[in-house]
Each structure stands twice: as C-alpha cells, then as structure tokens.
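Since the structure comes first, as structure tokens, the remarks are kept for the end.
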Amino acid sequence: MAKRKIAAKRPPPRRGAARTKNRIRLEWIEAGTLRANPANWRRHPAGQTAALSELLADPDIGWAGVLLYNEATGRLIDGHARKDLVDPAERVPVLVGRWSEDAERRILATLDPLAAAAEIDAGALGELLARLEFDTPGLKALGENLSEQLAAQDDSIQRAQEDLVRIDPVKVDRPPTMTWILIGIPTVRLGDIAAALDKISARKDTFVEMTVNDA
C-alpha cells in the first residue's frame, strides 16, 4: 500500500503582515500623470525651487529623493515641487502605496513637520558647509543662508552667556537685631520670656536677642 504524503500545514500569516510588507513599491512614472493633492499645504518660494532645480540638474546628484503617491486616492502626498520642475513626460521615481483618505491626511500633515523637528548640530553642519563649494546661484544662496543662520545662533548663545556673567549677586542685608530689656518685672519668669522670644525668632527674617540685667 502506497503511503500518501501529507503536507504540513503552515501557520496562517499574522493579520496585516503581508499587506504591510508589500504596501510600498518603487516605480518610475511620468510626472504629468501624477495628480496633485488639493490638501497640500506646502508653498515653495523661488529660492527653494531654484536650489531644488539645480540639484535635479546636477549629473552627480539628480534624483536623490523620491515622490510619495497614494494609488488608492490617485493623489500625490509628497514631491509636488519636484514634479512641477521637470518635463511632464519625464519618468520620476515614486514610492507608491495604498492608504485610506484619513491616513493620507495624517501623512500629509506630519511628514515635513516631523523632519523639521530634528535638532541641528551646529558644529557638524558648520563643518559640512565649510567643505562644500556651491557653483550655482540657487545652491550658493542656500548655503549662505544656512551659514548666516548658524552665525546668528552662535551670536545669540554668546550674548546669553555674556548676560549671565554680568548679573551681580543679590546682596541681602541681615535685619538689625532686636534687643528687649525688661526692667522691674520680678513676677515674669525667665523661661516664659525665652519661650516667647523663640516664637518671635521663628518668624521669617526676624532675629531676636535676649539680654538679662541682674542689677
């Protein structure tokens, strides 16, 4: 009797595991076919687009980044400026994924602010800029702007440190000592007087001495 081979059952994949793994893919798509997002809040000044255009045209750099596109809604999420800077027929690198409209709005609202929330190591950025030579107008202006911001930051820190050094310590004068002299009260016991003076001394900024005259 021939033995039948029984295939071992594989455990079912975790819910959402395959979908998450295959959610994003890289494609080269004609720029003109990518629809802009009407909720895009970014506005790009001339200086930024000039520098970006020069980077895209640089043969040593080119497309060092990608666009982000939601095929579920047919709208861009990121990369509007880069898309508009190239010929509509040019194929550009695009990360394509599927997200709900709510997820799309959350990505659109947080993508750039999260990147901007990174802190700047002024020393490291200064050394990097010192080793670069920008030979195009837009990038040169961008480099100069960054250098000016770093210099202004250094000046602000220096002024703050100087202001701290110039602060004089606050001088607090000790209040004068109060001297109570009790004359001719033989019925008051010395211990009661001392207890009363202790209560007065316990008050803030009050110093009391007791002088006893045996004469």
Output the number of the condition that G32 fails; it satisfies all remaining conditions of (1) part of a helix (DSSP H, G or I); (2) more than 12 Å from G97 (Cβ to Cβ); (3) modelled with pLDDT under 95. (3)
Inspect all residues belonging to region 100-110 and state whether any of them is surrounded by 16 or more Cβ atoms within 10 Å (Cβ to Cβ) and under 20 Å from E54 (Cβ atoms). no
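Just to verify a result, which residue in region 130-139, among those that are part of a helix (DSSP H, G or I) and loosely packed, with under 15 Cβ neighbours inside 10 Å, is modelled with the lowest pLDDT?
Of all residues in region 130-139, those part of a helix (DSSP H, G or I) come to 130, 137-139.
Imposing the further condition that a residue be loosely packed, with under 15 Cβ neighbours inside 10 Å reduces the set to 130, 137.
Working: A130: 81, P137: 88.
Applying the filter and picking the extreme gives A130.
Taking the condition of being part of a loop (DSSP other than H, G, I, E, B) and aliphatic (A, V, I, L, M), how many residues in region 37-81 meet it? Walk me through it before giving the result.
Filtering region 37-81 for residues part of a loop (DSSP other than H, G, I, E, B) gives 37-45, 58-66, 71-74, 79.
Now restrict to residues that are aliphatic (A, V, I, L, M): 39, 61, 64, 66, 72.
Residues meeting the conditions: 5.
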Show the residue pairs meeting these rules: Cβ distance below 9 Å; 6+ apart or different chains; first residue within region 92-103 and farther than 10 Å from Y69 by Cα; second residue assigned to a strand (DSSP E or B) and hydroxyl-bearing (S, T, Y). none
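The values are calculated or read from the model by the stated rules, or taken from the named source; none is laboratory data. Please read these numbers as outputs of a predicted model, since none were measured by experiment. When we count neighbours, we look across all protein chains shown, and the Cβ atoms used for this are built from the backbone with ideal geometry, even at glycine.
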